[in-house]
Amino acid sequence: MTKSTQPMALRLGLWIAQLLVGIPFVMIGFMKLTTPIPELAKMIPWAGQLPVLFVRSIGLVDIAGGVGIVLPALTRIRPGLTVWAAAGCVALQVCAIIFHLSRGEGAFTPLNFVFLALAGFVYWGRLTLAPVNRGEVPT
């Protein structure tokens, strides 16, 4: 399917989904990376119960996913990385859901399911229906 035959609504929906995943992932990741653990544990209880290195590493993973799902497609530099980042965001959300459910924290999972659906849509859409090609003008 060429760009001219792709529905504008699909391309717009994918960009919106990319931003709805990318921006919160970067913000949440930055918070996990920089907030002192006692303060972070007040907002995210599990952060005070796990090793600091684990919490900080998850912050880096969140930031990488958030940047990766938007920036390659936006800049048209290695745009295929957006598909890989979306796949990583899907995997991260599956792991987060399992983690929370295993700890009896099912109430924390609704947002994970939203991110899972959005990242899955980006993965599917950018892989099959509306891939971003190198050098194209972003739309």
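If packing is taken as the mean number of other Cβ atoms within 10 Å per residue, what is the order of 102-111, 42-51, highest first?
42-51, 102-111
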Find the eigenvalues of the gyration tensor of the Cα atoms of region 1-81, then list the square roots of 5 times those eigenvalues as equivalent ellipsoid semi-axes, largest first, in whole angstrom. 34, 12, 8
Using alpha-carbon coordinates, inclination of helix 52-75 to the longest axis of the chain, degrees: 10 degrees
Please express the Cα-Cα pair-distance distribution P(r) of the chain as a list of whole percents, one per 5 Å bin, running from 0 to the bin with the greatest distance. 2, 11, 19, 22, 17, 11, 8, 6, 3, 1, 0
Quick one: helix 110-124 against the long Cα principal axis of the chain, what's the angle to the nearest 10°, folded into 0 to 90? 30 degrees
So, in nm, how far is label Leu111 from label Trp124 when the simple model puts each one 7 Å beyond its Cα toward the Cβ? 2.5 nm
With a bin width of 10 angstrom, please list the P(r) values of region 69-139 as percents of all Cα-Cα pairs, from the 0 bin to the one holding the largest distance. 23, 41, 23, 11, 2
Nearest 10 degrees is fine. How inclined is helix 8-34 to the longest principal axis of the chain, computing both from alpha carbons? 30 degrees
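None of the figures in this text is laboratory data; all of them are computed from the coordinates on show. Computed from a predicted structure; not experimentally measured. Glycine also receives a Cβ, built like all others from the backbone with ideal geometry; neighbour counts cover every protein chain displayed.
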